[in-house]
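Let me give you the structure first, and then I'll get to my questions.
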Amino acid sequence: MSPKHVVFKKVSRDKSVAVYMAKRDFVDHSDFVDPVDGVIVIDPVQLKGKKVYVMLSCTFRYGRQDMDVMGVAFRRDLFIVTRQVYPELQDKEKLTHTRIQQKLLHKLGDNAYPFFFEFPDNLPCSVSLQPGPNDVGKKCAVEFEVKAFCGENQDEKIDKQSSVRLTIRKIQFSPENTEVAPFADMTFEFLMSEKPLHVKLTLPKETFYHGEPVKANVEITNSSSRNIKDISLSVEQVTNVVLYSNDKYVKSVAKEETEDSVPSGTTLKKEYTLYPLLAYNKDRRGIALDGRLKHEDTNLASSSIVKQEVLKEVQGMLISYKVVLKMIASGTVGSSEVSVEVPFKLMNPKSEPGKDLKCLTSPP
């Protein structure tokens, strides 16, 4: 094997089983998802005649692991599939699907056995809600896991000493950028004002990448009798928890408050820049993040792209973003808030072949 190729390895405490995988990020390409493949190495002496199984699971957790209210656990298995690896039910050659499996089998010897899973097309991507500094226990998250274990059958209670759990991620890259630049064009009329206020908010493109500044163009034509002040822009992250309820969390992940004003009878044309970065939201409870492996850095959660035929309830959490422009229109009869918003996507760019997903978390 090439010395440059990273292989992830995890061994059970009693050394009976070990999992080898060439990657832990699996990409949803919209029309298909990268299959999950790897190799299990067994120790026949430690197994003592037991069988070896490997399980792929997707779990939505919305409460601590030790919480149980009236018999209702705060977690739901969205997908579980279990396969017997040893003794093998087919010839190894028929079970080997990828070149990396072939290389691992050749390197690891006769006690190595391949496994292979295909994702159904209706599963969500890995995502979690950031806990607060004082929160304990498991966080609200959609998580994927590969588990290898031994036993007389796959339904018996799993012994932690002879099992291996490896967290993986299902991720999604940005589709090709469309030529359409999203915008909102609105007219506001006020009491005691003969002419209106016209506001236009435009983004240069529909999809921005994590770590990239979001530039917003604002055009305000104030023909009304009111004065416009306290102009502010923000990037709002909207998290819809759709599995067990319709909870919605709206969090501002980037904001710019200005002293710009547009007196009656004047206009304003200006470009504002916002930085929706995890670096500015590190300790904020409830911010949605892309799934992370152990305590590695990640980024703000990517926008959810759901196929039309897929039930949204199965997705666990749906993430969207919008730029919101707010201002105060003040006059002799009082003041009122005016707001305009434009949706956009925040995602990772499609990675180059052979390169891992790079998480951008540092400000410019």
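The values are calculated or read from the model by the stated rules, or taken from the named source; none is laboratory data. What you see is a predicted model, and the numbers here were worked out from it, not measured in a lab. So basically every Cβ, Gly included, is an ideal-geometry build from the backbone, and we count neighbours across all protein chains shown. Just so you know, the surface numbers come from the protein's heavy atoms only, side chains and all, with ligands and any DNA or RNA stripped out. Shrake-Rupley method; radii C 1.70, N 1.55, O 1.52, S 1.80 Å.
Going 7 Å from the Cα of F183 in the Cα-to-Cβ direction, what parts of segment 200-237 have a backbone nitrogen less than 11 Å from that spot?
So the set is 200-204, 217-219.
With θ set to phi - 60°, apply the Karplus curve 6.51 cos²θ - 1.76 cosθ + 1.60 along segment 146-153 and write out the HN-Hα couplings as whole Hz, x wherever there is a Gly or Pro.
Values per residue, Gly and Pro as x: 9, 10, 10, 8, 10, x, 5, 8 Hz.
To the nearest 10 Å², what's T332's accessible area with a 1.4 Å probe?
Approximately 150 Å² for this residue.
Calculate the FRET efficiency for I328 and V81 from the Cβ-Cβ distance with a Förster distance of 56 Å, rounded to the nearest 0.05.
Plugging the Cβ-Cβ distance into 1/(1 + (r/R0)^6) gives 0.50.
Given the pairs K15/K170; K248/K350; K139/K170; K103/K160, which span a C-alpha to C-alpha distance of over 25 angstrom in this model?
Where the Cα-Cα span goes over 25 Å, the pairs concerned are K15/K170; K248/K350; K103/K160.
Shifting gears a bit: For an R0 of 45 angstrom, estimate the FRET efficiency from the Cβ-Cβ distance between K215 and K15 and round to the nearest 0.05.
0.25
Please report the accessible area of Y209 (heavy atoms, 1.4 Å probe, ligands and nucleic acids excluded) in Å², nearest 10.
Spelled out: Y209, probe radius 1.4 Å, area about 70 Å².
Name the long-range amide H neighbours of G291: under 5 Å, sequence gap of 5 or more, or other chain; modelled H, no Pro or chain starts.
Long-range HN contacts for G291: S126, V127, S128.
Provide H106, H198 ordered by accessible surface of protein heavy atoms (probe 1.4 Å), highest first. Walk me through the intermediate numbers first.
Details: H106 160, H198 70 Å².
Per-residue accessible area, sorted high to low, gives H106, H198.
Can you tell me the length gained on complete extension of the stretch K51 to K248, counting 0.36 nm per residue apart and subtracting the Cα distance?
Working it through step by step, the gained length comes to 66.4 nm.
Sorted by accessible area (1.4 Å probe), largest first, how do D34, D77 line up?
Solvent-accessible surface, decreasing: D77, D34.
Assuming 0.36 nm per residue, please report the length gained on full extension of the stretch F8 to R165 beyond their Cα-Cα distance.
Full extension of this stretch gives 55.3 nm more.
I would also like to ask the following. Please report the accessible area of K9 (heavy atoms, 1.4 Å probe, ligands and nucleic acids excluded) in Å², nearest 10.
Per-residue accessible area (K9): approximately 120 Å².
Would you mind getting me the FRET efficiency between D25 and F116? Use the beta-carbon distance for r and R0 = 22 Å, nearest 0.05.
0.80
While we're looking at this one, here's another question. What residues of segment 199-214 lie in the reach of a label at A279, counting those whose backbone N is under 16 Å from a point 7 Å from the Cα along Cα→Cβ?
209-214
In whole Hz, with x marking every Gly and Pro, tabulate ³J(HN,Hα) for segment 224-230 from phi via Karplus 6.51 cos²θ - 1.76 cosθ + 1.60, θ = phi - 60°.
Once θ is set to phi - 60°, the couplings for segment 224-230 become 7, 8, 8, 9, 9, 8, 6 Hz.
Follow-up question, since we're still on this one. Quick one: 3J(HN,Hα) in Hz for segment 101-116, Karplus 6.51/-1.76/1.60 with θ = phi - 60°, rounded, Gly and Pro as x.
Whole-Hz 3J(HN,Hα) from phi for segment 101-116: 4, 4, 5, 5, 4, 5, 6, 8, x, 6, 8, 9, 9, x, 9, 7.
Two decimals is fine: what's Rg over Rh for segment 183-347, C-alpha atoms, Kirkwood radius as Rh? Could the numbers behind the result be given before it?
Details: Rg = 18.3 Å, Rh = 17.5 Å.
Expressed as Rg/Rh, it is 1.05.
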